[in-house]
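J.: Can you keep this structure in mind? I'll have questions shortly.
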Amino acid sequence: MLKFKIDKLNELFDTISAETPLAMPLEKAGEADYGRYEKGAKPALGVLKTVKSPKDLFFPQSETLMKFKTEGKNLAVEAPDENVTPFVLFGVKACDYKAFEVLDRVFLADPVDTYYQSKRNAATIVTLACSKPEESCFCKVFGIDAAAPLGDVTTWMDETYLYWQANTNKGESLTEKVRALAEEGGEDAVAKQQKATREIIDKLPFSHLDLSYFKENGTKEIFDRPEWKELSEACLACGTCTFVCPTCQCFDIREFRSAKNEVIRYRCWDSCMYSDFTQMAGGNNRTTQMQRYRQRFMHKLVYYPENNGGLFSCVGCGRCVNKCPQKLNIVKVAKALGGKKHD
Amino acid sequence: MIKEALIPKIGVVTDIRRDTPDVKTFRVVGTDGKKLFEHLPGQCAMVSVPGVGESMFSITSSPTNEEYMEFSIKKCGCVTEVIHSIDVGQQITVRGPYGRNFPVEEDFKGKDLLFIAGGIGLAPLRSVINYVRHYRNNYGKVVVVYGARSADDLVDIEEIRNEWMNEKNFEVYLTIDRPQEGWNGHVGFVPAYVKEIGLDPHMTAILCGPPIMIKFTLQGLLELGFTKTNVYTTLELRMKCGVGKCGRCNVGSKYVCKDGPVFRMDEIDELPDEY
């Protein structure tokens, strides 16, 4: 294990970013979000939750899929360059890292989404263990250990050091580039922090949420529960939950004429919370907000697990718990439908 | 690879046939004059004239047609309105084929087949019916019940009258919703007509049409003694990617774009009621 003095971190980031683009949580307008590190940027590694997850490094909020050249009745397609410059993604928390696995099972399933894959393969991911999890966190429910995230490199941070453990070949080669700035050691400090973190997590209010109801009951039984109506009544259909969610992957494909002879077709994040999400010329199969609300949670807790060997499409990051203006979230759904176990 | 899945092929429209006041059938080949790709009966393709967007359509021509593909498209929204405005020679984009086809080589083989269609619902069934006609000896008796609002709204009526009606062991029943001058055939809705014809409930039924027609026709078939494991239909929901990733055409854990559009009625019974 290696360790970097806290006051050497900017040097560490400068060294990495001198060779490869570096994305990490940065302070911007008083909030923390993933962005490209440049000399003088303000890293926000002490922030537990970035506003958005790092999913847009692989699945950007908006990305061009192709361009069409139009000439009279004729057409030509131009596909974008598939080559992505290798980059380092630093500071990913255990929950957000697990969310990549959830997204992989969608985008890397046959037929592989090469737009996603090319960015995914280009990344060396450095995770950062949590040391101050808070009330809205419930990653433990999904078997995630916030004190020991995976990734190409795992790091832990305390007041004096950033501890560094390479896990993969990609991680080793990144380590070689920064080894000169590091010292050996840190195992004891890491073990101590891990123990303390796990003790906090064990006491968090949602850490022992029971999701067995969703595994033990049939889809239609859960779908037909009368509680959905009351649960969804306050939903404003703002879509905030879907945009901050690290596992939400729905997208729209849209296009516009960018020049007289050019059309750009792009994809952008979309939300199942919106009324036009399923709107067709011939009708709409989800006309009420209750149906749309139910779709989101059924997808995370029932449909996705059905298609993915029981894996839930939620990692307990708690962003929806913090961000929903109406205080609606997956925890409330699980408790309301999960039966008496939560009383 | 999605670059191949999402990036379409360029097709050329070589013929446009006006079927009804709001349905046109577009014949499409590749820029090399050959068929764009192979498909199976019931599969779909994303079609677009860039600038407005793509929409999913069933491929109405039979896979046995080696020269071209056809799409029968009803004008009913933004994309279809633009498609209806194009002329012969226009290049369009096509990607596919997508979805699960009708089990023509498995469950349908050797069976008596009953096709029931309403309006534009004939389009996806035409690919199956013409496939069955091509391999006529592999299938038993064929009955087609087809209804539309009026005589003018019957899609592919020339092919039906000139070809289907002359096939052996092949019965065609046409109906229109309301009486019309010059129409000597049956008048009435499809579900009621199906019950009047006197059908053998051992046939394998394939339904396609508006949801209300499917609902009442299915009810009628069950009353006649048909079993759900012998009845097939197609579902239609909003689609963007066509490959099960954009997340909008699901019913329960099934994506209509890749797990459908063809479903057996007993499979639909397993799904949450949201289609």
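Computed from the coordinates by the stated procedures, all read-outs in this text should not be read as laboratory data. Nothing here was measured: the structure is a model prediction, and the numbers come from that model. We place every Cβ from the backbone using ideal geometry, glycine too, and count neighbours over all the protein chains shown.
J.: Can you list the DSSP H helices in chain A whose Cα atoms extend at least 27 Å along the helix axis and whose mean Kyte-Doolittle hydropathy is 0.0 or higher?
T.: Numbers: long enough: none.
The qualifying helices: there are none.
J.: State log₁₀ I(q)/I(0) for chain B at q = 0.08 Å⁻¹ as given by the Debye formula over alpha-carbon point scatterers of equal weight, solvent excluded.
T.: Computed log10 I(q)/I(0) values: -0.31.
J.: Points 7 angstrom from Cα along the Cβ direction at A:D110 and B:Q219: gap in nanometres?
T.: 4.2
J.: Starting at 0 and stepping by 10 Å, how many percent of the alpha carbon pairs of the stretch A:202-254 end up in each bin?
T.: All Cα pairs considered, the percentages come to 16, 27, 48, 8, 1.
J.: Express the C-alpha Rg of the stretch A:1-143 as a ratio against the empirical globular expectation 2.2 N^0.38 Å, rounded to two decimals. Please report the intermediate quantities before stating the final value.
T.: Numbers: Rg = 18.1 Å, N = 143, 2.2 N^0.38 = 14.5 Å.
Rounded to two decimals, the normalised Rg is 1.25.
J.: Let me ask something else about it. About the Cα centre of the stretch A:183-254, how large is the charge dipole given +1 on each Lys and Arg Cβ and -1 on each Asp and Glu Cβ? Please answer in debye to the nearest 20. Before the final figure, lay out the partial values.
T.: On the way: 9 positive and 14 negative charges, 50 e Å.
Its charge dipole is roughly 240 debye.
J.: By how many nm would the segment from A:R254 to A:C268 lengthen if fully extended, with 0.36 nm per residue of separation less the alpha-carbon distance?
T.: Gain in length upon complete extension: 4.3 nm.
J.: Okay, moving on. Project the alpha carbons of the stretch B:108-190 onto their principal axes and report the range along each, largest first, in whole Å.
T.: Principal extents (Cα only, largest first): 39, 21, 18 Å.
J.: Find which of A:C272, A:Q193, A:T219 sits farthest along the positive direction of the dipole of the protein assembly as shown, computed with +1 on the beta-carbon of Lys and Arg, -1 on that of Asp and Glu, about the Cα centre.
T.: A:Q193
J.: Sort out for me the Cα centre separation of the stretch A:56-129 from the stretch A:197-268, rounded to whole Å.
T.: Distance between centres, Cα-based: 20 Å.
J.: Quick one: putting +1 on the C-beta of Lys and Arg, -1 on the C-beta of Asp and Glu, what dipole do you get for the protein assembly as shown around its Cα centre, in Debye to the nearest 20?
T.: Working: 80 positive and 84 negative charges, 173 e Å.
Here the protein assembly as shown has a charge dipole of around 840 debye.
J.: In chain B, what cysteines have no partner Cβ closer than 4.7 Å?
T.: Here B:C44, B:C76, B:C78, B:C208, B:C249, B:C257 come out as lacking a disulfide-compatible partner, given the Cβ-Cβ threshold of under 4.7 Å.
J.: Moving on to the next point. Would you work out if chain A is rounded, prolate or oblate? Take a ≥ b ≥ c from the square roots of the eigenvalues of the alpha-carbon gyration tensor; rounded if a/c is under 1.5, else prolate when a/b is larger than b/c, oblate otherwise. Mind showing how you got there, number by number?
T.: Working: a/c = 2.15, a/b = 1.14, b/c = 1.88.
Oblate, since a/c reaches 1.5 and b/c is not below a/b.
J.: Kindly provide the helix-only [θ] at 222 nm of the protein assembly as shown, computed as the sum of -39,500 (n - 2.57) over DSSP H runs of four or more divided by all residues, to the nearest 500 deg cm²/dmol?
T.: -7500 deg cm²/dmol
J.: Just to confirm the filter: which GluC sites (Glu not before Pro) across the stretch A:168-243 are DSSP coil and have at most 15 other Cβ within 10 angstrom of their Cβ?
T.: Working: sites: A:E172, A:E176, A:E183, A:E184, A:E187, A:E199, A:E216, A:E221, A:E227, A:E230, A:E233; in loops: A:E233.
Filter output for the stretch A:168-243: A:E233.
J.: Further question on the same structure: Could you give the length gained by full extension between A:T85 and A:E306, i.e. 0.36 nm per residue of separation minus their alpha carbon distance, to one decimal place?
T.: Working it through step by step, the gained length comes to 76.0 nm.
J.: Counting pairwise Cα distances across the stretch B:114-154, what percent come out greater than 14 angstrom? Numbers along the way, then the final one.
T.: Values: 400 of 820 pairs.
Roughly 49 percent, rounded to a whole number.
J.: Among the listed pairs A:K3/A:K140; A:K119/A:K177; A:K42/A:K300; B:K195/B:K258, which are separated by more than 23 Å between their Cα atoms?
T.: Working: A:K3/A:K140 27 Å; A:K119/A:K177 21 Å; A:K42/A:K300 34 Å; B:K195/B:K258 33 Å.
Long pairs (Cα-Cα over 23 Å): A:K3/A:K140; A:K42/A:K300; B:K195/B:K258.
J.: Can I ask one more? Distance from the Cα centre of the stretch B:226-273 to that of the stretch A:274-343, in angstrom?
T.: Going from one Cα centre to the other spans 20 Å.
J.: Out of A:A196, A:A29, A:A129, any idea which swings most in a Gaussian network model of chain A, alpha carbons joined below 10 Å?
T.: A:A29
J.: With a point put 7 Å past each Cα toward its Cβ, work out how far B:D32 is from B:E81 in nm, to one decimal.
T.: In this crude spin-label approximation the distance works out to 3.8 nm.
J.: In whole angstrom, how far apart do the alpha carbon centroids of the stretch B:91-137 and the stretch A:3-41 sit?
T.: Between the Cα centre of the stretch B:91-137 and that of the stretch A:3-41, the gap is 58 Å.
J.: If you don't mind, there's one more thing I want to ask. Can you work out ³J(HN,Hα) from phi for every residue in the stretch B:20-32, in order, using Karplus 6.51 cos²θ - 1.76 cosθ + 1.60 and θ = phi - 60°, giving whole Hz and x for Gly and Pro?
T.: Per residue, the Karplus-derived 3J(HN,Hα) values read 9, x, 10, 10, 10, 10, 9, 9, 10, 10, x, 5, 8 Hz.
J.: Assuming R0 = 22 Å, can you tell me the calculated FRET efficiency for the pair A:K5 and A:S173, based on Cβ-Cβ distance, to the nearest 0.05? Could you put the intermediate results ahead of the total?
T.: On the way: r = 23 Å, r/R0 = 1.03.
After rounding to 0.05, the efficiency reads 0.45.
J.: Separate question: Measuring from the lowest to the highest alpha carbon on each principal axis, how far does the protein assembly as shown reach, largest first, in angstroms?
T.: Projected onto the principal axes, the Cα atoms of the protein assembly as shown cover 92, 61, 41 Å.
J.: Work out the charge dipole of the stretch B:113-234 with +1 on the Cβ of Lys and Arg and -1 on the Cβ of Asp and Glu about the Cα centre, then indicate which of B:I160, B:Y131, B:Y193 is farthest towards its positive end.
T.: Selected residue: B:Y131.
J.: Which value, in debye to the nearest 20, describes the size of the charge dipole of the stretch A:239-336 about its Cα centre when Lys and Arg Cβ atoms bear +1, Asp and Glu Cβ atoms bear -1, and nothing else is charged? Please report the intermediate quantities before stating the final value.
T.: Details: 15 positive and 6 negative charges, 65 e Å.
Here the size comes out at about 320 debye.
J.: With bins 10 Å wide starting at 0, give me the P(r) of the stretch A:35-117 over every alpha carbon pair, in whole percents.
T.: Distribution as computed: 13, 36, 29, 15, 6, 1 percent.
J.: Moving to a separate point now. Restricting the count to DSSP beta bridges whose residues both fall in the protein assembly as shown, what percent are antiparallel, rounded to a multiple of 5? Write out the running numbers ahead of the final one.
T.: Working: 72 of 106 bridges.
Taking every DSSP beta bridge within the protein assembly as shown, about 70 percent pair in antiparallel fashion.
J.: At 25 °C and 0.890 mPa s, grab the translational diffusion coefficient of the stretch B:2-97 from Stokes-Einstein with a Kirkwood Rh over Cα pairs, rounded to a whole number in µm² per second.
T.: Numbers: Rh = 13.2 Å.
D = 186 µm²/s.
J.: Taking amide hydrogens as modeled 1.01 Å from N in the peptide plane, which residues meet the under 5 Å criterion relative to B:V143, leaving out close sequence neighbours?
T.: Amide H neighbours of B:V143, under 5 Å, 5+ apart: B:L113, B:L114, B:F115, B:E171.
J.: While we're looking at this one, here's another question. Rounded, prolate or oblate: which one fits the stretch A:77-134, using the alpha carbon gyration tensor with axes a ≥ b ≥ c (rounded when a/c is under 1.5, else prolate when a/b beats b/c, else oblate)? Intermediate values should be presented prior to the final figure.
T.: Values: a/c = 3.80, a/b = 1.83, b/c = 2.08.
Because a/c hits 1.5 or more and a/b fails to exceed b/c, the stretch A:77-134 counts as oblate.
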